[in-house]
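Please read the structure below before turning to the comments.
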Amino acid sequence: MSALRTLVLLGLISMVAPSFATDAPPVDGAATTVPAIDATPWRILAYRSDAAADAGSDLVSIEPRELPPQLAFGEGRVSGNVGCNSFSGGYTLEGDRLTIDPRMAMTMMACEESLMALEQAITAHLAAVAGYRQAGQTLELLDAEGAVLILLETLAETPLVGVTWHLDTYNNGKEALVSTVKGTEITLALTAEGTLSGSDGCNRYMSGYTLDEGRLVIGPIATTRMACRGPQAVAEQAAAYAAALGTVRGYRIEGEQLWLTTEDGATAARFRVVPEAAQATEGR
C-alpha cells in the first residue's frame with residue numbers, strides 16, 4: 001500500500017510541476033515591452049570598425065554628444081543624422097530580414113573630419129544590412145553572416161513642455177530652411193500654463209499657445225525693445241523667426257529634436273534640446 005501511495009504522489013507531482021514552470025511570473029514582475037523597429041527613434045551607440053577589430057573588439061562606441069547620432073524607420077524609409085548631414089533611403093522589412101537601399105539621399109554640408117568619417121561608416125554599414133536582432137530596448141543591425149554592424153537603443157522622447165529648445169533651422173519666409181546666423185542663439189521654452197518665451201538672438205520674446213490633439217498654434221509674438229547688436233542680418237533673422245512661429249499649426253518630436261510644422265506639414269522651425277548647463281546659464 002505504501003508503494004502504491006508513493007507512485008500516486010509522484011504522478012501528481014509530475015502533473016503539477018509543469019504548471020509552476022509555465023505560470024511563473026518574470027523576475028521583474030512584468031513583461032518587457034519590445035518597441036517596434038519602425039515606430040521608434042533609435043540612438044546609435046556603436047558600429048563595426050576594422051580598427052576596433054584590430055584592437056580585439058568588434059564594435060567602436062560613439063562618444064556621447066549634445067545631438068546624438070540617430071536613425072528612424074517608418075513608411076518604408078530610413079532616415080538619420082550622425083551630427084553632420086541628414087540622409088534617407090528606402091528599406092524593406094520582412095520578419096527578421098531587413099534590407100536597406102544603398103542609394104541614399106543626403107544633404108551636402110561640409111563638417112569636421114571625424115563626423116564625416118562616422119557618417120561614411122554608418123551609411124556604408126546600412127547598405128550592408130541583411131537582418132536585425134532585438135532585445136528589449138536594444139537593436140542590432142546585422143550583415144548576411146549575422147555579425148553586428150550597428151548597435152542602437154531606443155531614444156527617449158523629450159517632452160514638449162518644460163525644457164529649453166535651441167533653434168537649428170527655420171523657414172526664412174522664402175520657402176527655404178536656413179541655419180541661424182553664426183554667433184547667435186535662438187531658444188524656445190513652453191510652460192504647462194500655455195505660455196512660451198525665449199530669445200530671438202536679439203531680444204527676449206513671449207507669447208501664448210494652444211495645444212489640442214497635436215494641433216499647436218502660437219499667438220502673436222511680443223518682444224523687448226533692445227537694439228540688436230551685430231549685422232543687420234541678426235535683426236532680419238529675428239523678424240523671420242517670429243514670422244515662422246506665426247505659421248505653426250503642429251509639431252512632432254523625435255528623441256531630442258522638435259519640429260514645428262505648418263498647416264500643410266512643412267517645417268517652420270527645427271530645434272534640439274539645450275543641455276542643462278546651458279539652460280542654467282540662460283536663466284540667470
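The values are calculated or read from the model by the stated rules, or taken from the named source; none is laboratory data. Please read all numbers here as calculations on a predicted model, not as lab measurements. Here Cβ is always computed from backbone atoms with ideal geometry, including for glycine, and neighbour counts include all displayed protein chains. Calculation scope for accessible area: heavy atoms of the full protein, side chains included, ligands and nucleic acids excluded. Shrake-Rupley method; radii C 1.70, N 1.55, O 1.52, S 1.80 Å.
Key figures for this structure:
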quantity: Single condition Thr180 does not satisfy, out of (1) open to solvent by less than 20 Å² (accessible area, probe 1.4 Å); (2) under 23 Å from the mean Cα position of the chain (by Cα); (3) within 24 Å of Gly265 (Cβ to Cβ); calculated: (1)
quantity: In the range 241-259, residue nearest to Ala222 (Cα to Cα) [restricted to those that are hydrophobic (A, V, I, L, M, F, W, C) and modelled with pLDDT of 95 or more]; calculated: Ala242
quantity: Every residue from the range 219-241 that is open to solvent by 30 Å² or more (accessible area, probe 1.4 Å) and in contact with a Phe, Trp or Tyr (Cβ under 7 Å, 6 or more places away or on another chain); calculated: Ile221, Ala222, Thr223
quantity: Selected residue [at pLDDT below 90 and among the charged types (D, E, K, R)] from Glu112, Glu140, Glu119, Glu94; calculated: Glu112
quantity: All positions within the range 242-256 that are in a strand (DSSP E or B) and touching a residue at least 60 places away in the same chain (Cβ under 8 Å); calculated: Tyr251, Ile253, Glu254
quantity: Members of the range 148-159 that are of a type outside the set (Val, Ile, Thr), open to solvent by less than 30 Å² (accessible area, probe 1.4 Å) and part of a loop (DSSP other than H, G, I, E, B); calculated: Leu155
quantity: Test: residue in the range 198-211 that is within 30 Å of Gly74 (Cβ to Cβ), out of contact with any Leu (no Cβ under 6 Å at 6 or more places or on another chain) and open to solvent by 30 Å² or more (accessible area, probe 1.4 Å); calculated: yes
quantity: Count - residues of the range 160-180 that are outside any strand (DSSP E or B) and in contact (Cβ under 8 Å) with a residue 40 or more places away in the chain; calculated: 5
quantity: Residue within the range 111-129 that is more than 21 Å from the chain's Cα centre (by Cα), assigned to a loop (DSSP other than H, G, I, E, B) and closer than 30 Å to Gln232 by Cα present; calculated: yes
quantity: Residue check for Leu115: open to solvent by less than 50 Å² (accessible area, probe 1.4 Å) and more than 25 Å from Leu258 (Cα to Cα); calculated: no
quantity: Any hit, the range 88-100, residues being basic (Lys, Arg), surrounded by fewer than 17 Cβ atoms within 10 Å (Cβ to Cβ) and under 21 Å from the mean Cα position of the chain (by Cα); calculated: no
